[in-house]
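Please treat every number below as a calculation from the coordinates, not as lab data. All values derive from a computational prediction rather than experimental measurement. Please note: Cβ atoms are built from the backbone with ideal geometry, for glycine as well, and neighbour counts cover all protein chains shown.
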Amino acid sequence: MVGVAIQDYVKAIYKLSQKKQKVTPSGLAETLGVSAAAVTKMVRRLQDLKLVRYAKTQGLRLSPTGEKIALEMIRHHRLLELYLTEALGYGWDEVHDEAEKLEHVISEQFEEKIERLLGYPTHDPHGAPIPTREGHIERAELTVLSQLETGAHGCVERVSDSDAQMLTYLGELGLYPGTPVEMIAREPYGGSLHVRISGQDHAIGLALADNVFVSVREGSDD
């Protein structure tokens, strides 16, 4: 079993790589809130353990073993988030930090019991897919709400879970997974987006819309 720091690093590399960007040591340092020197030291350790490959031209890339560890941590995290909301009554804006602490310490037996109790779920409370025990994960092609074309209809599939205050606000707007949305209008020069959410019109900022992921629907729900 690898240590907590290694688990955090490989999970961060995996998540950054899913954003279709080259994962650099500086970007990793910013994501984890650590120094460049700390990242350099850890990358060397990860290379020695054959969990990461690094080249300046391609950035940091996980080996198959590194990816397996990352997906295991993500599986723990997302099952825990769902367990905390479904079984213990936590709000969806409260579970991220709790799951961050617990994901490193639960046993495989505890993980299996949570999964069975929850009815073998496929997604966490924020719509993110839960990796299978074998390390498979659903990869859906989604559109960021901020990129939805004017007049287009969509359905919220997933929201970012890292900012509790943002999740509270998303909840107030009703932007939960499964919610229908329509892009009504865009104010020029990066102004507000006017979005119809479950039939109610709201003005939201680009930064918020960048954290909401939707599937695009053909035609109207009317």
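Brief remarks on what is shown
- GluC sites (Glu not before Pro) restricted to DSSP loop in region 38-134 with at most 12 other C-beta within 10 Å: E134
- Taking each residue as 0.36 nm, the span from E86 to E218 lengthens on full extension beyond its C-alpha to C-alpha distance by 44.3 nm.
- Solvent-free Debye scattering, log10 I(q)/I(0), computed from the Cα coordinates of region 15-112 at q = 0.14, 0.15, 0.16 Å⁻¹: -0.65, -0.73, -0.80
- Prolate/oblate/rounded label for region 108-208 (Cα gyration tensor, a/c 1.5): prolate
- In region 112-150, the trypsin sites (Lys or Arg not before Pro) that fall in loop regions by DSSP, at most 16 other Cβ within 10 Å: R133, R139
- Sorted by Cβ density within 10 Å, fewest first, the residues R75, R53: R53, R75
- Counting every alpha-carbon pair across region 4-62, the share separated by more than 15 Å comes to 39%.
- Theoretical FRET efficiency, 1/(1+(r/R0)^6), r = Cβ-Cβ of S63 and A164, R0 30 Å, to 0.05: 0.35
- Mean residue ellipticity (222 nm) of the chain, computed from DSSP H runs ≥ 4 via -39,500 (n - 2.57), nearest 500: -12500 deg cm²/dmol
- For region 144-222 versus region 1-73, the spacing of their alpha-carbon centroids is 31 Å.
- Computed label-point distance, nm, for sites I106 and K56 using a 7 Å Cα→Cβ extension: 4.3 nm
- Most fluctuating residue given options G89, G119, G135, as computed from a GNM of the chain linking Cα atoms under 10 Å: G119
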